[in-house]
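The next block holds one structure in the form of structure tokens; read it before the comments.
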């Protein structure tokens, strides 16, 4: 387990240049202006571009018990964060779900799977993979896995390579 001071320092380093209060202030000002314009002009404003809510996402590919995600959540309790995590070990996955339910102030999705096998093309923040998260008995997510090509007898064989003759 990563010691708590190391987790806090690394999380501070990641979010050193980000000021969530300024982004929320901008969003609130924008929203207030839209509401004022609509009330006074009885039409939506067409002279400004729509502004998206300034969410930040954080992914921990080997989440363990969720220490890094919890540190980010507690460091910025009102920031617009969405937390994602992947854990291969079922016991640690369940411990992370309990910790996130107890200590996180932000929406999160924790998936039980192998980070190294998840296909990058199908695992973005808006993919269906994250809808399968946060379940005590995790569903099979092998549809999102990268499928390695089969090993043929005339090509490299990992099984043969790993056999070491003892003398």
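Computed from the coordinates by the stated procedures, all read-outs in this text should not be read as laboratory data. All values derive from a computational prediction rather than experimental measurement. With ideal geometry, Cβ positions are generated from the backbone for all residues, glycine too; neighbour counts draw on all protein chains shown.
Side notes on the structure shown:
- Per-pair calculated FRET efficiency, R0 = 30 Å: residue 90 and residue 122 via Cβ, rounded to 0.05: 0.85
- Order of 144, 55 - criterion: other Cβ atoms within 10 Å of each residue's Cβ, fewest first: 55, 144
- Sites residue 103 and residue 145 - FRET efficiency at Förster radius 41 Å, r taken between beta-carbons, to 0.05: 0.85
- Taking other C-beta atoms within 10 Å as the exposure proxy, 93, 37 rank 37, 93 from fewest upward.
- 91, 104, 123 arranged by Cβ crowding within 10 Å, fewest neighbours leading: 91, 104, 123
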